[in-house]
Amino acid sequence: MRILHTADWHLGNTMHNIDRQSEQEAFLDWLLFVVKDRQIDTLIVAGDVFDTYTPPNWAQKIYYRFLASLITTKCRNVILVGGNHDSGNLLDAPREILDAINIHVVGNIGGKNIEDMVFPLSDEEGQICGVAAAVPYVSEIMLKDFCEAKEYAKGTFSDAGFSGLYGAFLEKAKALTGGKTMPLIATGHLYAAGLEGRYEGVEEEQKTDDGVRQIDVVGNLGKVHAASFPDEFDYVALGHIHYQSRVDHQDRIRYSGSPFVMGFDEDRIPRYVLQVDLTHDDNGKNLSVEKIEVPAGIKFRRLSGKKEEIEEKLKEVLGKDHDSEFYDKLCIEICYDAGDGPALHELVENTDFHEKVSVVSWKPGESRHTYQADFGGHDMHSMSNIQPKEIIRELVLSKTELDTEGKTEEEIEKLRDAEVKTYLPYFLEAFDAVMSGGDYEDQ
């Protein structure tokens with residue numbers, strides 16, 4: 001079986017108001033070519049097809065046009081699931097029509113039986129040659145149904161819930177095999193533990209430009225460990241992380257990453273789709289994965305540093321005119337020291353840019369200290385054990401800018417304490433009134 005694994009298309013995305021329609025159309029055209037050229041049997045799209053719940057009409061148009069074009073290929077099976085950015089109802093709406101041409105869509109898990117989300121995969125003769133468990137993004141409230149009396153590796157809610165969920169999907173998948181030996185595939189749209197590359201060894205999610213922010217992973221749906229995916233699944237195709245990565249160094253559990261740059265902080269990260277060749281017979285299992293680099297329709301570059309450094313980097317970028325034939329646009333973000341802002345703006349205004357090149361984002365460095373509330377690693381249960389005073393302190397400081405330039409850590413801490421003391425009595429008074437059931441409207 002030859003599988004093509006992709007995810008996180010985010011169709012309709014317009015990062016920094018950049019018109020990305022032609023870039024996204026070009027990717028889908030290229031993907032269709034890959035499906036044909038490499039004789040792909042099964043295409044898997046692991047969530048976040050669209051960038052928002054209400055994607056623009058053009059994004060929906062190129063999505064359906066791509067699905068229709070698959071009829072012209074030898075790809076006999078398409079598995080597509082919803083992600084946290086998708087409207088599950090929007091994806092599910094044409095499900096019956098798409099099922100008729102063997103395109104199986106599961107927008108969300110709500111209101112469905114598990115057997116409705118497990119699909120046989122057919123070979124050239126129309127015989128079952130594998131089974132796919134199409135698991136979309138799952139919210140915490142739905143995951144709770146799979147937690148009872150489950151054993152799991154790390155003792156977290158995520159591991160308990162996803163162990164139960166994937167165990168239930170595995171049971172239905174095995175039932176479809178009729179006792180025959182064949183590949184079992186699963187999908188998922190979640191944040192796994194044990195990633196390689198960008199977040200390897202990082203216990204707390206770092207804030208990035210690509211939409212995978214702290215809020216997406218904090219609490220009960222934090223990290224899912226590899227042990228939550230039963231070994232019987234020969235390949236687990238994941239989405240949600242925007243770069244290619246294995247989970248716990250296992251070839252069988254992987255993210256394909258997004259085919260598009262979703263933030264200037266990842267301007268140098270290559271984009272891939274994954275070709276997965278899988279055999280599973282009486283002689284054993286064989287799995288090989290090939291990374292296929294996605295051609296970049298739009299190039300992104302972040303230039304940062306002092307004025308002189310940015311000026312040199314800008315000259316270097318603009319001097320590569322011979323590269324312009326390989327991309328449609330070059331979009332630049334300038335990250336600069338606040339004091340260099342006027343001079344850099346003047347520099348850019350007086351620079352003769354190639355018609356394909358433009359500065360689309362200015363990002364000044366922070367001259368003041370910005371504090372971020374830190375509740376990472378807490379779930380709803382552990383949050384209830386934190387004192388109101390501690391929560392209020394974090395929230396006050398997260399909304400306050402303090403001038404910390406040239407000050408020691410001890411001096412900064414004193415500034416923080418003074419700021420919190422200014423507001424703390426009012427917050428505590430409001431908190432006590434709410435907890436006692438009193439009327440706080442006029443206080």
Next on the checklist: Within segment 401-429, take every residue that is out of contact with any Leu (no Cβ under 8 Å at 6 or more places or on another chain) and of a type in the set (S, T, N, Q) and give me the one that is modelled with the lowest pLDDT.
Outcome noted: Thr408
Checklist entry - Looking at (1) surrounded by 15 or more Cβ atoms within 10 Å (Cβ to Cβ); (2) at pLDDT below 75; (3) in contact with a strand residue (DSSP E or B) (Cβ under 9 Å, 6 or more places away or on another chain), which is the only condition Ile391 fails? => result (3)
Checklist entry - Which residues, counting only those in segment 5-19, are surrounded by fewer than 24 Cβ atoms within 10 Å (Cβ to Cβ) and either of a type outside the set (S, T, N, Q) or outside the structural domain of Leu80 (by TED's automatic domain parsing) (or both)? => result Gly12, Met15, His16, Ile18, Asp19
Checklist entry - Would you call Ile334 of a type in the set (Val, Ile, Thr) and either in the same structural domain as Leu303 (by TED's automatic domain parsing) or modelled with pLDDT of 75 or more (or both)? => result yes
Next on the checklist: Being part of a helix (DSSP H, G or I), more than 24 Å from Asn13 (Cα to Cα), in the same structural domain as Tyr53 (by TED's automatic domain parsing) and in contact (Cβ under 8 Å) with a residue 24 or more places away in the chain is the requirement here; does Leu91 meet it?
Outcome noted: no
Checklist entry - Do we find that Tyr272 is of a type in the set (Phe, Trp, Tyr), in the same structural domain as Thr187 (by TED's automatic domain parsing), surrounded by 11 or more Cβ atoms within 10 Å (Cβ to Cβ) and closer than 20 Å to Gln24 by Cα in this structure? => result yes
Next on the checklist: Residue pairs, Cβ under 6 Å, 6 or more apart or interchain, first in segment 1-23 and closer than 14 Å to Gly297 by Cα, second assigned to a helix (DSSP H, G or I). List them.
Outcome noted: Gln21/Trp58
Checklist outcome for this item: Per the list (1) surrounded by fewer than 20 Cβ atoms within 10 Å (Cβ to Cβ); (2) within 30 Å of Leu287 (Cβ to Cβ); (3) in contact with a Gly (Cβ under 7 Å, 6 or more places away or on another chain), residue check on Asp29 breaks on (3)
Checklist entry - Of everything in segment 281-296 that's touching a strand residue (DSSP E or B) at 6+ places or on another chain (Cβ under 8 Å) and not aliphatic (A, V, I, L, M), which residue is farthest from Thr6 (Cα to Cα)? => result Lys285
Checklist outcome for this item: Within segment 10-40, residues over 24 Å from Ser358 (Cα atoms) and either of a type outside the set (D, E, K, R) or in a loop (DSSP other than H, G, I, E, B) (or both) come out as Leu28, Trp30, Leu31, Leu32, Phe33, Val34, Val35, Arg38, Gln39, Ile40
Checklist outcome for this item: By residue number, the members of segment 177-194 that are under 18 Å from Gln127 (Cα atoms) and in contact with a Leu (Cβ under 9 Å, 6 or more places away or on another chain) are Thr177, Met182, Pro183, Leu184, Ile185
Next on the checklist: Criterion first (of a type in the set (Lys, Arg), closer than 23 Å to Met142 by Cα and surrounded by fewer than 23 Cβ atoms within 10 Å (Cβ to Cβ)) does Lys112 satisfy it?
Outcome noted: yes
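Results for (1) under 28 Å from Glu124 (Cβ atoms); (2) surrounded by fewer than 21 Cβ atoms within 10 Å (Cβ to Cβ); (3) without any contact (Cβ under 8 Å) to a residue 12 or more places away in the chain, shown as yes or no for each residue.
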| residue | (1), (2), (3) |
| --- | --- |
| Phe33 | yes, yes, yes |
| Asp41 | yes, no, no |
| Tyr53 | no, yes, no |
| Lys61 | no, yes, yes |
| Asn77 | yes, no, no |
| Gly83 | no, no, no |
Next on the checklist: Tell me whether segment 100-114 contains one or more residues that are of a type in the set (Lys, Arg) and without any contact (Cβ under 8 Å) to a residue 24 or more places away in the chain.
Outcome noted: yes
Checklist outcome for this item: Filter segment 54-82 for residues that are hydrophobic (A, V, I, L, M, F, W, C), in a helix (DSSP H, G or I) and in contact with a helix residue (DSSP H, G or I) (Cβ under 9 Å, 6 or more places away or on another chain); the one that is nearest to Asp37 (Cα to Cα) is Leu70
Checklist outcome for this item: When His5 is run through (1) within 30 Å of Cys331 (Cβ to Cβ); (2) not in a strand (DSSP E or B), the failure sits at (2)
Next on the checklist: Being in contact with a strand residue (DSSP E or B) (Cβ under 8 Å, 6 or more places away or on another chain) and touching a residue at least 40 places away in the same chain (Cβ under 8 Å): is that true of Gly130 here?
Outcome noted: yes
Next on the checklist: Please determine whether any residue of segment 96-106 is assigned to a helix (DSSP H, G or I) and under 26 Å from the mean Cα position of the chain (by Cα).
Outcome noted: yes
Checklist entry - Do any strands (runs of 3 or more DSSP E) lying entirely in segment 261-341 carry at least 2 residues that are more than 17 Å from Val359 (Cβ to Cβ), and which ones are they? => result 272-281, 284-293
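Residues checked against (1) of a type outside the set (D, E, K, R); (2) within 24 Å of Gly130 (Cβ to Cβ):
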position: Arg2; (1), (2): no, yes
position: Asn13; (1), (2): yes, no
position: Gln21; (1), (2): yes, no
position: Glu25; (1), (2): no, no
position: Arg38; (1), (2): no, yes
position: Val49; (1), (2): yes, yes
position: Thr52; (1), (2): yes, no
position: Gly88; (1), (2): yes, no
position: Leu98; (1), (2): yes, yes
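Results for (1) among the basic types (Lys, Arg); (2) touching a Cys at 6+ places or on another chain (Cβ under 6 Å), shown as yes or no for each residue.
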position: Leu70; (1), (2): no, no
position: Thr73; (1), (2): no, no
position: His85; (1), (2): no, no
position: Asn89; (1), (2): no, no
position: Ala93; (1), (2): no, no
position: Lys112; (1), (2): yes, no
position: Met117; (1), (2): no, no
position: Asp123; (1), (2): no, yes
position: Gly126; (1), (2): no, no
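The values are calculated or read from the model by the stated rules, or taken from the named source; none is laboratory data. Just so it is clear, the structure is predicted and the values come from calculations on it, not from any experiment. With ideal geometry, Cβ positions are generated from the backbone for all residues, glycine too; neighbour counts draw on all protein chains shown.
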